[in-house]
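Structure first, then comments.
The values are calculated or read from the model by the stated rules, or taken from the named source; none is laboratory data. Keep in mind that what you see is a predicted model, and the values were worked out from it rather than measured. Positions of Cβ are backbone-derived with ideal geometry, glycine not excepted, and every protein chain shown enters the neighbour counts.
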Amino acid sequence: MDKSTSKASKIAAWILMTINAIFMVICLLFVALGLWILSSPSTLFKVIEVTGNSTVKALTQDTLTLPVGIAITSVAVFLFFISFMGFRGAMTRSPFLLFMYSALVLLLLLLECALLYYFSSNLVEKGLHKDDGLWTHAMRLAFRCCEHNTSIPETRKPPWSCCGPDTYPDNCTTSLMYQKDCHASIVSWLDRYQLPMYTSLAVFHVVMATCAIIRRSSSTSQPFS
């Protein structure tokens with residue numbers, strides 16, 4: 001193997017090992033969070049209350065449920081094994097692990113782009129849903145907007161998230177509602193950031209897959225050093 005190929009292989013290995021090590025730590029933290037939700041959601045909520053963050057408290061009040069805990073744990077475990085595959089493959093130069101890692105990274109790119117397109121298109125076409133769920137509340141708080149500011153009946157209280165987390169759970173009034181319309185705010189944000197988001201996702205995943213392919217192309221089978 002020539003020196004340039006060896007150097008490129010080592011650089012690719014360091015990139016893979018460093019980034020995947022970081023992702024493994026993050027995944028383990030989310031696994032711990034998911035298991036905490038499954039085992040003792042009331043204890044977790046007490047810890048959240050101590051932080052004093054009104055937004056987090058309001059959003060997590062009714063969401064620390066069994067399905068949420070299972071979903072967080074399952075996704076975190078799945079991503080952990082992909083990251084471990086990349087880390088181990090870079091360390092050992094395993095052709096099988098590096099091939100599987102590069103393939104899964106590209107499949108994840110397609111999945112993430114598909115989900116991003118689905119949710120963004122749904123928001124543009126339909127706006128926020130009327131069933132005041134966690135996603136709807138989070139979007140209102142993030143954009144400081146309300147889709148009810150011109151259509152809600154005077155006899156009905158607006159959702160708490162139309163006024164901010166301090167009005168949770170039922171202290172929001174029409175006089176306190178955010179003035180910006182959610183649909184217009186979301187469409188404006190997507191027009192500005194949607195292309196950079198797709199580009200960032202593509203660049204990151206392609207770089208990681210390319211590093212795996214470069215590392216795999218190394219002819220030696222000895223562990224990385």
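Annotation note: of E49, E112, E125, the sole residue that is within 20 Å of C27 (Cα to Cα) and of a type in the set (D, E) is E112. The conditions are (1) crowded, with 16+ Cβ neighbours inside 10 Å; (2) over 30 Å from L195 (Cβ atoms); (3) modelled with pLDDT of 95 or more, and F81 fails exactly one of them. Which is it? That leaves (1) as the condition not met.
To keep it simple, each residue is scored yes or no on (1) of a type outside the set (S, T, N, Q); (2) closer than 24 Å to A202 by Cα.
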{"position": "I70", "(1), (2)": "yes, no"}
{"position": "T73", "(1), (2)": "no, no"}
{"position": "F78", "(1), (2)": "yes, yes"}
{"position": "I82", "(1), (2)": "yes, yes"}
{"position": "G86", "(1), (2)": "yes, yes"}
{"position": "L97", "(1), (2)": "yes, yes"}
{"position": "M100", "(1), (2)": "yes, yes"}
{"position": "A103", "(1), (2)": "yes, yes"}
{"position": "L108", "(1), (2)": "yes, yes"}
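Considering the range 42-61, the residues that are free of Cβ contacts under 8 Å to residues at least 40 places away in the same chain and not in a helix (DSSP H, G or I) include one that is surrounded by the fewest Cβ atoms within 10 Å (Cβ to Cβ), namely G52.
The residues of the range 169-225 that are charged (D, E, K, R), modelled with pLDDT under 90 and either loosely packed, with under 11 Cβ neighbours inside 10 Å or part of a loop (DSSP other than H, G, I, E, B) (or both), listed by number, are D170, D181. Taking S74 as the residue in question, decide whether it is in a helix (DSSP H, G or I), modelled with pLDDT of 95 or more and crowded, with 17+ Cβ neighbours inside 10 Å. No.
For every residue, the table says whether it meets (1) closer than 26 Å to C163 by Cβ; (2) among the hydrophobic types (A, V, I, L, M, F, W, C).
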| residue | (1), (2) |
| --- | --- |
| L28 | no, yes |
| V31 | no, yes |
| W36 | no, yes |
| P41 | no, no |
| F45 | yes, yes |
| V50 | yes, yes |
| V56 | yes, yes |
| L66 | no, yes |
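For the range 7-35, the tally of residues that are within 14 Å of F80 (Cβ to Cβ) and out of contact with any Gly (no Cβ under 6 Å at 6 or more places or on another chain) stands at 15.
For (1) farther than 21 Å from E112 by Cα; (2) of a type in the set (S, T, Y); (3) loosely packed, with under 15 Cβ neighbours inside 10 Å; (4) modelled with pLDDT of 85 or more, each residue gets a yes or a no:
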position	(1), (2), (3), (4)
S40	yes, yes, yes, yes
L64	yes, no, no, no
I70	no, no, yes, yes
G86	no, no, no, yes
